[in-house]
1. Looking at segment 1-48, which of the residues that are loosely packed, with under 14 Cβ neighbours inside 10 Å and of a type in the set (Val, Ile, Thr) is nearest to the chain's Cα centre (by Cα)?
2. Could you run through segment 54-63 and say how many residues are in contact (Cβ under 8 Å) with a residue 40 or more places away in the chain, in contact with a helix residue (DSSP H, G or I) (Cβ under 7 Å, 6 or more places away or on another chain) and part of a loop (DSSP other than H, G, I, E, B)?
3. Does Ser91 satisfy the condition of being in contact (Cβ under 8 Å) with a residue 24 or more places away in the chain, out of contact with any Ser or Thr (no Cβ under 9 Å at 6 or more places or on another chain) and not in a helix (DSSP H, G or I)?
4. So which of Trp66, Trp51 is out of contact with any Ser or Thr (no Cβ under 7 Å at 6 or more places or on another chain), loosely packed, with under 12 Cβ neighbours inside 10 Å and part of a helix (DSSP H, G or I)?
5. All but one of (1) of a type in the set (Asp, Glu); (2) touching a residue at least 12 places away in the same chain (Cβ under 8 Å); (3) at positive phi hold for Asp84; which doesn't?
6. Looking at this structure, is Thr85 at pLDDT below 95 and either surrounded by fewer than 11 Cβ atoms within 10 Å (Cβ to Cβ) or among the polar types (S, T, N, Q) (or both)?
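The values are calculated or read from the model by the stated rules, or taken from the named source; none is laboratory data. These numbers were taken from a predicted model, which means no experiment stands behind them. Cβ coordinates were reconstructed from backbone atoms using ideal geometry, including for glycine residues, and neighbour counts include every protein chain displayed.
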Amino acid sequence: MSKINVNGVVRDMTTEEQALYDADFVTVSEIEMKLSAIKSIRREKLEATDWMSNEDVTMPDYIKTWRQTLRDLPQNNTSESQYDTLLAKDSNDKLTHSVWTQPTS
């Protein structure tokens with residue numbers, strides 16, 4: 001059982017307080033894990049096209065737009081349901097959201 005400080009008095013949490021604390025902790029942790037997974041996938045996708053930013057290569061506009069969309073994911077998707085949509089996978093364990101698919105033209 002966790003401790004709580006109420007008006008300078010430290011006491012054990014009630015069962016209800018502990019349940020609320022645990023629910024908040026788990027929810028935050030799950031959300032943080034989902035956001036971390038999104039950022040990791042995003043980093044992989046960006047790194048796969050980093051070579052296109054070399055000075056001897058002209059990066060196509062559609063790749064520039066896609067890379068910007070990837071960079072904007074965290075600020076444009078802030079709820080757990082949006083995270084779930086971005087992380088959805090098919091029966092073959094492949095990500096299904098179109099943002100992860102590198103455009104070809």
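1. Only one residue fits best here, namely Val28.
2. 0
3. no
4. Exactly one of Trp66, Trp51 is out of contact with any Ser or Thr (no Cβ under 7 Å at 6 or more places or on another chain), loosely packed, with under 12 Cβ neighbours inside 10 Å and part of a helix (DSSP H, G or I), namely Trp51.
5. (3)
6. The answer is no for Thr85.
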